[in-house]
Amino acid sequence: MSKRHNQENCCTLLPKKWRAGLKYHLSWQEADTKEILPIKYQRTLEVPQYSVPGDLYVLFYPNHEVELIASPVEPGHANWAGREKAGALSACVARLSEKECRKHLPKYKFGSKEETAAMMREACTVKSIQESSDPEGNQAACNKLLNDCKDLWVINKKMCGLDYQE
């Protein structure tokens, strides 16, 4: 489980072939601009049918409504199956100010080297490595990521430094 941007998330691997009865248990708390609200919500949802496994998206709507989408494409893509067809920023700006949306949406494109570098900077701190279940293995993985970032990735090389400030 990783903790990022005040959100907890966990990776879920979907089977290559969908089968009836596949379920996903979800629990969440809502927040306003100042605090996480104390009410906890839980829901068990059926994973919708898919022909090509992709990522599992959880979309939150007003009144505690939740939509679960299994998709190889992101929201905003022409083949997106979710009910919200706009990309994340466009959908947010339709309801809130752009400033508010940019404050809460991810800074980097999902899966980009910039996003990976940001996650690396968070995961490869001395404290994170020491507190991990495999400090030696994680240090080796961090060293490889740092070297790959500096040597191979098409990215602003300053972003490869653990001391890089956003």
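The values are calculated or read from the model by the stated rules, or taken from the named source; none is laboratory data. In this text, all values refer to a predicted model and were calculated from it rather than measured experimentally. Glycine also receives a Cβ, built like all others from the backbone with ideal geometry; neighbour counts cover every protein chain displayed.
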Exactly one of Arg43, Arg95 is at pLDDT 80 or above, basic (Lys, Arg), surrounded by 13 or more Cβ atoms within 10 Å (Cβ to Cβ) and over 25 Å from Ala117 (Cβ atoms), and that one is Arg43
For Gly111, work out the one condition from (1) at pLDDT below 85; (2) under 20 Å from Pro62 (Cα atoms); (3) not basic (Lys, Arg) it doesn't fulfil.
-> (2)
All but one of (1) part of a loop (DSSP other than H, G, I, E, B); (2) of a type in the set (Asp, Glu); (3) surrounded by 13 or more Cβ atoms within 10 Å (Cβ to Cβ) hold for Glu100, so report the exception by its number.
-> (1)
Taking region 17-34 as the region of interest, how many residues are over 21 Å from the mean Cα position of the chain (by Cα) and more than 20 Å from Glu67 (Cα to Cα)?
-> 2
